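Below: the structure, in structure tokens.
The values are calculated or read from the model by the stated rules, or taken from the named source; none is laboratory data. As the structure is a prediction and not an experimental result, all values here were calculated from the model. Cβ coordinates were reconstructed from backbone atoms using ideal geometry, including for glycine residues, and neighbour counts include every protein chain displayed.
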Amino acid sequence: MLRLTLARPEKRNALNAALCQSIDEAVNSADPRDTGAVFLDAEGPSFCAGMDLAESLTGDPAVLAALHDRLLTVGRRDAVPIVAYVHGHAIAGGTGLAANAHLDARRGAGRRQGNRRAAA
């Protein structure tokens, strides 16, 4: 298992370029022969408040758009299942990140069958 932890609790784990790139690189480098799953969680009371808006004002829009596109499609491109422990807020890009997970590991989230939630 590869564990990735969003570690910007002071920014409610807002996704800046460095964090987007490190998540994308880590997930894409996971080898399905020796990594059974990627476990994604976060420090602090929020899972992810979305994109870092302060950075969006100063960063190169084309670079940021490409990073966001790669991050928010990582679940479709990777051969290793992604399990997200979504707690607290998951807003905007944080919702997109959570939606890329193949399984939501929240306590009481229930089992998923397709797009429906089945009773546990």
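What pairs come up if the first residue lies in region 12-23 and is under 20 Å from residue 87 (Cβ atoms), the second is aromatic (Phe, Trp, Tyr), and their beta carbons are under 7 Å apart, counting only those six or more places apart or on different chains? Final answer for the pair search is 13/47.
With the requirement that a residue be in contact with a helix residue (DSSP H, G or I) (Cβ under 9 Å, 6 or more places away or on another chain), closer than 17 Å to residue 25 by Cβ and either in contact (Cβ under 8 Å) with a residue 60 or more places away in the chain or part of a helix (DSSP H, G or I) (or both), what does region 57-100 give you? Scanning region 57-100 gives 63, 64, 67, 68, 70, 71, 74, 75, 77, 80, 97. When residue 43 is tested against (1) surrounded by fewer than 18 Cβ atoms within 10 Å (Cβ to Cβ); (2) modelled with pLDDT under 90; (3) under 21 Å from residue 103 (Cα atoms), exactly one condition is not met: (2). The residues listed here are 9, 61; of these, the one that is out of contact with any Phe, Trp or Tyr (no Cβ under 6 Å at 6 or more places or on another chain), of a type outside the set (S, T, N, Q) and at pLDDT 90 or above is 9. The residue that is nearest to residue 5 (Cα to Cα), among those in region 81-95 that are under 9 Å from the mean Cα position of the chain (by Cα) and among the small types (Gly, Ala, Ser), is 84. With respect to the conditions (1) farther than 17 Å from residue 94 by Cβ; (2) assigned to a helix (DSSP H, G or I); (3) in contact (Cβ under 8 Å) with a residue 40 or more places away in the chain, residue 32 lacks only one, and its number is (2). Checking region 20-40 against the condition returns no match, with no residue being at positive phi and either of a type in the set (S, T, N, Q) or in contact with a Phe, Trp or Tyr (Cβ under 7 Å, 6 or more places away or on another chain) (or both).
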